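What follows is a short report on a single structure.
Nothing in this text is a laboratory measurement; each read-out follows from the coordinates by a stated rule. In this text, all values refer to a predicted model and were calculated from it rather than measured experimentally. Counting neighbours? That spans all protein chains shown, and the Cβs are built from the backbone with ideal geometry, glycine included.
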Amino acid sequence: MRLFLAAIFISLAVGFVNACSPADKAALLAFKAALNEPYLKIFDSWKPSSTKCCSDFYGVSCDPTTGRVADIILRGESEDPIFEKAGRSGYMTGSLSPALCKLDRLSTLIVADWKAISGEIPACIPSSLPKLRILDLAGNQISGKIPADIGSLGRLTVLNLADNRISGCIPASIVNLGSLMHLDLNNNQLTGAIPSDIGKLTMMSRALLSKNQLTGSIPVSFSNIYRLADLDLSMNKLSGLIPGQFGSMRVLSTLNLDSNQFYGNIPSSLLSSSGLNVLNTSRNNLEGELPDVFGPETYFSVLDLSYNKFKGPIPKSLSSVRYIGHLDLSYNHLCGTIPIGEPFEHLGASSFANNDCLCGSPLRTC
């Protein structure tokens, strides 16, 4: 008898887990109705007649305790058998329905890399989805602004809106995302300044803001983010001085500042840093002599200082570094003899091209 009752209980529990609330189901179907995916037919499993949207709806999963929808994970580029069988990546048109905001237990919302989803980010998301941890809408054609109250998503760890057409400023409230670890706003149409107190995001390890139209200076407060490993501000309209504090950040390994309007000297702390692995300050208005501060602990896989206004000699201490994979000093006003030894023995002439009067291997003899 006990085994019989246990079996009934397990059966009911499994049915509960696979089902979802009528309200959640209605919200999912409204979300589906605003989209069109003609090739992979992933929405064919989202049937109004289904009572098990937690298990039957492709890309949807639910909390096993409450039975409420917890995750929507729909990626247009995937190794899922559906994609392998079709032999193509995804393509989806339409927009994101505000009905998503009725899924108030949603923890993950990923609708990424579908190429043609347009419209705006539903303005109700920050106020209606308090449990949201991952918001990934990258790789679409979403326009409009980032919701001004985005900072109210206190549990958010990932905000990825890259490769869209989002405009306007980065909302000031973004600094309230105290749990944020990954911020990717690359390749949009964002304007204005980066919030000066961005350093409040002390949990952040990646901040990717390249290929926008951001202006103003780099907030020094970035240096307060002790977990920050990857900072990409390239291809914007940023100006001012490069903060020397970046060279003291112990975790920072990649710093891309190329294709902006920075001026002044390059901080010696960046070149002497033992933690930086990739440093790209090319295509700016940096000037002065290159600090002779390299040492045996210096290890750059990429060091690109090209297309600036640097003058004077190449620092002799560069020949004592532990390793430099790619070095580019071209298109400056450097002059003098190119040092000998590593890393110069494996570098081509293009690394030194179009300077005022450099000589020595691999260029002309002095």
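How much length is gained if the chain between residue 202 and residue 301 is pulled fully straight, taking 0.36 nm per residue apart and subtracting their Cα-Cα distance, in nm to one decimal?
Here the answer is 33.0 nm.
How high is the relative contact order of the stretch 241-366, given as a whole-number percent (alpha carbon pairs under 8 Å, six or more residues apart)?
That works out to 18 percent.
How much length would be gained if the chain were fully extended between residue 23 and residue 289, taking 0.36 nm per residue of separation minus their Cα-Cα distance, in nm to one decimal?
Computed gain between residue 23 and residue 289 is 89.2 nm.
Of the cross-linked pairs 41/211; 41/131; 237/311; 200/311; 145/237, which ones have a Cα-Cα span greater than 26 Å in the structure shown?
41/211; 41/131; 200/311
Quick one: of the DSSP bridges fully inside the chain, what percent are antiparallel, nearest 5?
10 percent
How large is the Kirkwood hydrodynamic radius of the stretch 318-366, in angstrom, based on all distinct alpha carbon pairs?
Values: mean 1/r = 0.0920 Å⁻¹.
Here the Kirkwood hydrodynamic radius works out to 10.9 Å.
Only counting other Cβ atoms within 10 Å, I'd like 52, 47 sorted with the fewest neighbours first.
Final ranking by Cβ density, sparse to dense: 47, 52.
Report the Cα centroid-to-centroid distance between the stretch 37-59 and the stretch 177-224 in angstrom, as an integer.
37 Å
In whole Hz, with x marking every Gly and Pro, tabulate ³J(HN,Hα) for the stretch 268-275 from phi via Karplus 6.51 cos²θ - 1.76 cosθ + 1.60, θ = phi - 60°.
4, 5, 5, 6, 9, 4, 8, x
Please turn the phi angles of the stretch 317-323 into ³J(HN,Hα) values with the Karplus equation 6.51 cos²θ - 1.76 cosθ + 1.60 (θ = phi - 60°), one per residue in order, whole Hz, x for glycine and proline.
Couplings: 5, 4, 7, 9, 6, 5, 6 Hz.
Could you give the length gained by full extension between residue 250 and residue 80, i.e. 0.36 nm per residue of separation minus their alpha carbon distance, to one decimal place?
57.4 nm
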